[in-house]
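Report on the following structure.
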Amino acid sequence: MTLLKIHNLKKSFGGVKALNGCNFNIEKNKITALIGPNGCGKSTLFNVINKLEYQESGTITFLNYNISKIRPYLVSELGISRTFQYPTLFENLTIRDHIEMAMFNDDQKFFKSFFIKLFGLKKNNDKKIIEILNLVGLEKPLNTLGSDLSYGQRKLLDLAIAIAHPHKLIMLDEPVAGINPKLRQKIKEILIKLKEMGETIIVIEHDMNFIMDIADHVYVMESGQNLVEGKPKEIQNNKKVLEAYLGE
Amino acid sequence: MGTIQKNNIIETLKDSQKAFWLILFVIDIIFIFLCLQGILNEYFAHVLVVINIYLILSISLNLVMGFTGLLNLSHIALFGVGAYTSALMIMNGYSYLLSLLLAMLLPGVFAVLLMFATRKLKSDYLMLVTFGFSFLLYSIFISWTSLTRGPLGLNNIPKISFFDFTIYSTNQFLVFSTIMAIVSIIIIYNITKSSFGRLLQAVRDDEISLKLLGKNIELIKFKAMFISGLFAGLAGSLFAHYSQYIEPNSFWIVDLIFLLTVLIVGGLASNRGAVFGVIIIMILNESLRLLPIPSEILGPTRQIIYALILILILLYRPKGIFGRIDLK
C-alpha cells in the first residue's frame with residue numbers, strides 16, 4: 001500500500017532547479033532510502049514534504065490527502081515525523097519536555113494547560129518517556145537539558161522525538177552522519193527494530209553500507225530528478241549510480 | 001573571597017524558588033504592615049505602589065520577551081492604552097470594573113493585531129516594527145486632542161471605586177495594588193510553568209522544530225501577546241487611577257528603557273528576575289533622590305546610571321541575575 005505519493009515535483013532557488021520533476025511512491029511498513037550526490041535535492045524534497053518549503057508545481061499525497069499547500073503543523077498533525085541532519089533541540093528544555101511536547105498536542109490549549117498546572121493535575125508520563133528512550137538507547141536523566149547533550153545523544157533524542165510524535169511516517173535526514181561506528185551500529189539496529197514493529201520510514205543517507213543493510217527500496221536522485229530505483233542490491237552495481245556518485 | 005560568597009548567595013536563591021518567593025512575600029507584608037500602622041510614611045507607601053505597578057508590567061513583558069523570545073518594544077505603549085482607556089471610560093461615567101475590563105482587553109487586542117502584522121518578522125526587524133508601533137500610539141496620545149487632551153494630559157481621573165467602596169488613601173491603594181500584583185505574578189508564574197509555558201520557550205529556542213511537532217506557532221505567539229497585553233492594560237489602569245493624571249510622556253522611551261533595564265538586570269525568562277529587577281532598580285531610583293543632585297539633572301543622571309548598569313550587566317553577567325537565556 002502506498003502511503004506517500006509524490007508526482008512531478010518542482011522547486012527552484014533562483015536559477016537553481018533543486019527539484020526538477022521527481023516522482024516517488026513510499027510503501028507502507030517499509031524502509032525507503034533516498035540517495036544521491038550532495039546538492040541533488042534530497043533535503044529540499046524533505047523540506048517540501050514537511051512544507052518548510054513550498055513546491056512550484058506537482059502534488060504530494062499522504063494517506064489520500066493532498067498536502068501540497070497546507071501548513072507545516074498540519075502535515076505533522078496528519079502523522080509525518082522528521083529528524084534533521086543537525087539535530088536542533090530546544091536548548092533550555094529537558095529531555096522530558098522534548099518527548100512530552102512530541103507526544104501530546106493539547107499543550108496548545110491555554111486554559112487546559114494553565115488549570116492543570118494551577119491545580120497540580122499533571123499526569124506523570126515518565127514511564128512512556130522512558131520506554132521510548134530505551135527503544136533508542138538514550139540513557140540520560142529525564143531532567144537533562146538539551147544543551148547538555150553530546151552530538152550523538154542529540155541524534156538519539158531527535159530520533160526519540162520523531163518516534164514519540166504520533167505518526168504514520170518517519171523521515172530521517174542523514175541519521176548516522178558524523179557519528180562513531182558504535183552508535184551507527186546502534187541506530188541501524190533501532191531502525192531494523194522499528195521496521196519489524198511495522199513503521200514506515202524514509203531515510204536520506206550517504207553511507208551506502210548502512211543503506212544496503214536496512215533499506216527495502218532505494219531511490220537514487222540526481223539534479224532534482226529520479227535517476228534509478230530498485231532493491232538495494234540492484235542499485236549497488238548500477239552503472240548510472242556509479243557515474244552519478246563517482247563521475248565515472 | 002567576597003565575590004565567591006556573593007555568587008553563592010545568588011546561586012542559592014536561584015536554586016530555591018520557594019525560598020525566594022516566601023522571603024519576598026514576608027518582606028512585602030512587613031512593609032505593608034509598617035505603612036498601615038503609620039510607622040513608615042506615605043512616601044514609602046507610594047514607592048511600594050509604583051513597584052507593584054511595574055511588577056505587573058515587567059513580568060508581563062518578560063512573558064513575551066524572555067519566555068517567548070519576541071523582542072516586543074510596544075509594551076509601554078500598551079500600558080498607555082490601558083491607562084487612557086480606563087481613565088476615559090471612568091470619566092465618562094462607566095463603572096470601574098467595566099473600565100478595567102476594557103482597559104485590559106483593548107491592549108490585548110492591540111497586541112494581537114500587532115503580532116498579526118509582524119508574524120513573519122523576527123529579532124531586530126520585529127523590534128523595529130514594535131518600536132514603530134510605540135511611536136504610532138504615542139502620536140495618537142499626543143495628537144488626538146479631542147479625546148486625550150494631547151500634551152495637556154488627562155487630570156482629575158477619579159479614584160478606583162467598586163461595590164460602594166472607594167480607594168482614597170495611598171495605603172488603601174497599596175493594599176489593592178499588592179493584591180493585583182500578587183494575583184498577576186501567580187497567574188503568569190503558572191502560565192510559564194505550564195505545558196503552554198514550555199511551548200513559549202520552545203518557540204524562542206527553535207520555531208522550525210516546533211512546527212514539525214504539529215504546533216501552530218502563530219497561534220501560540222498570538223496567545224502570548226494577548227496575555228501580555230492584558231496585564232499591560234491592568235498596570236495602565238492602576239497607574240491612571242493612582243496618579244489621577246496621565247499624559248503621553250508617561251508612556252514613552254524613558255519608561256521603556258526603565259522596563260528593559262529591569263528585565264536585563266533581573267534576567268530574561270525568569271519571573272524572579274523580572275520581580276527582583278523592578279525592586280533593585282526602583283530602590284536605586286529612589287536612592288538617587290537622597291543624593292545632593294539638582295532636580296533638573298536627576299532625570300538625565302538616572303538615564304546615565306541605567307546605561308552604565310546595562311553595560312556592566314552585558315559585560316559581566318549577560319544572563320542577568322536570575323536569567324536563563326543569554327542576551328546574545
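Report note on the peptides B:232-241, B:216-225: ranked by the mean count of other C-beta atoms within 10 Å, highest first, their order is B:232-241, B:216-225. Peptide B:187-198 shows a mean partner chain C-beta count of 6 within 10 Å per residue C-beta.
How high is the FRET efficiency from residue A:38 to residue A:237, r the C-beta distance, R0 22 Å, rounded to 0.05? The calculated FRET efficiency here is 0.50.
Against the main long axis of the alpha-carbon atoms of chain A, helix A:151-164 sits at an angle near 80°. Rounded to the nearest 500, the 222 nm mean residue ellipticity of chain B from helices alone is -24500 deg cm²/dmol, with -39,500 (n - 2.57) taken per DSSP H run of at least 4 residues. Rolling a 1.4 angstrom probe over the protein heavy atoms with all chains in place gives the protein assembly as shown an accessible area of 46 Å² per residue.
Can you give the accessible area buried between chains B and A, summed over both chains, with a 1.4 Å probe, in Å² to the nearest 100? Walk me through the numbers on the way to the answer.
Values: alone 16020 and 13000 Å², together 26280 Å².
Buried surface at the B/A interface: approximately 2700 Å².
Burial of accessible area (probe 1.4 Å, heavy atoms of protein chains only) in region A:37-80, relative to its chain alone, reaches at least 20 Å² for A:52, A:71, A:72, A:73, A:76. Report the residues of region B:242-268 in range of a label on residue B:161: point 7 Å along Cα→C-beta, backbone N strictly under 17 Å from it. Residues passing the 17 Å test: B:242-245. From most to least packed by mean Cβ count within 10 Å, the peptides A:80-92, A:113-125 give A:80-92, A:113-125. Where in region B:73-102 does the label zone of residue B:244 land, with the point 7 angstrom along Cα→C-beta and an amide N cut-off under 11 Å? Of the residues in region B:73-102, none has backbone N under 11 Å from the label point off residue B:244.
When the pairs A:112/B:221; A:128/B:221; A:117/B:223 are compared against a 19 Å limit on Cα-Cα distance, A:128/B:221 fall above it.
Dividing the summed helix terms, -39500 (n - 2.57) for each DSSP H run of n ≥ 4, by the number of residues in chain A produces a 222 nm estimate of -11000 deg cm²/dmol to the nearest 500.
Across peptide A:81-94, the mean count of Cβ atoms from other chains lying within 10 Å of each residue's own Cβ comes to 4. Rounded to the nearest 10 degrees, the inclination of helix A:126-136 to the longest alpha-carbon principal axis of chain A is 30 degrees.
Projecting the Cα atoms of B:128, B:56, B:153 onto the dipole axis of region B:41-251, where Lys and Arg carry +1 and Asp and Glu carry -1 at the beta carbon, places B:128 farthest toward the positive end. Antiparallel beta bridges, as assigned by DSSP with both residues in chain A, represent about 60 percent of the total such bridges. Between residue B:283 and residue B:43, the distance separating the two model label sites (each 7 Å from Cα on the Cα→Cβ line) works out to 1.8 nm. Helix screen, chain B: DSSP H segments with Cα axial length of 18 Å or more and mean Kyte-Doolittle hydropathy at least -1.0 are B:2-15, B:17-36, B:42-62, B:75-91, B:96-117, B:123-143, B:170-193, B:217-243, B:253-266, B:271-288, B:295-316.
Inter-chain neighbour count for B:204-210: the average number of beta-carbon atoms from partner chains within 10 Å of each residue's beta-carbon is 6. The fraction of accessible area contributed by carbon and sulfur in chain B is 70 percent, rounded to a whole number (1.4 Å probe; ligands and nucleic acids excluded).
Start at zero, step by 10 Å, and the Cα-Cα distances of the protein assembly as shown spread as 3, 15, 23, 21, 15, 12, 7, 3, 1, 0 percent across the bins. State whether chain B is rounded, prolate or oblate according to the following rule on the C-alpha gyration tensor (a ≥ b ≥ c being the square roots of its eigenvalues): a/c under 1.5 gives rounded; otherwise a/b larger than b/c gives prolate, and the remaining case gives oblate. Here chain B falls in the rounded category. The label-point distance for residue B:135 and residue B:169, in a model that sets each label 7 Å from Cα toward Cβ, rounds to 4.7 nm. A crude spin-label estimate for the pair residue A:106 and residue B:109, with each label 7 Å from Cα along the Cβ direction, gives 3.2 nm. If you restrict to DSSP beta bridges whose two residues both lie in the protein assembly as shown, what percentage is antiparallel, to the nearest 5? Of all bridge pairs located within the protein assembly as shown, approximately 60 percent are antiparallel. Put simply, when B:85-92, A:132-139 are sorted by average Cβ atoms within 10 angstrom per residue, most first, you get B:85-92, A:132-139. Taking the square roots of 5 times each eigenvalue of the Cα gyration tensor of region B:252-328, largest first, gives ellipsoid semi-axes of 23, 12, 11 Å. Once the Cα atoms are used to define both axes, helix A:181-196 deviates from the longest principal axis of chain A by about 90 degrees. On full extension, the segment bounded by residue B:146 and residue B:183 gains 9.8 nm, given 0.36 nm per residue less the C-alpha separation.
The values are calculated or read from the model by the stated rules, or taken from the named source; none is laboratory data. Keep in mind the model is a prediction, meaning the values are calculated, not measured. Cβ coordinates were reconstructed from backbone atoms using ideal geometry, including for glycine residues, and neighbour counts include every protein chain displayed. Note: accessible area is taken over every heavy atom of the protein model, side chains too, but ligands, DNA and RNA are not part of it. Shrake-Rupley method; radii C 1.70, N 1.55, O 1.52, S 1.80 Å.
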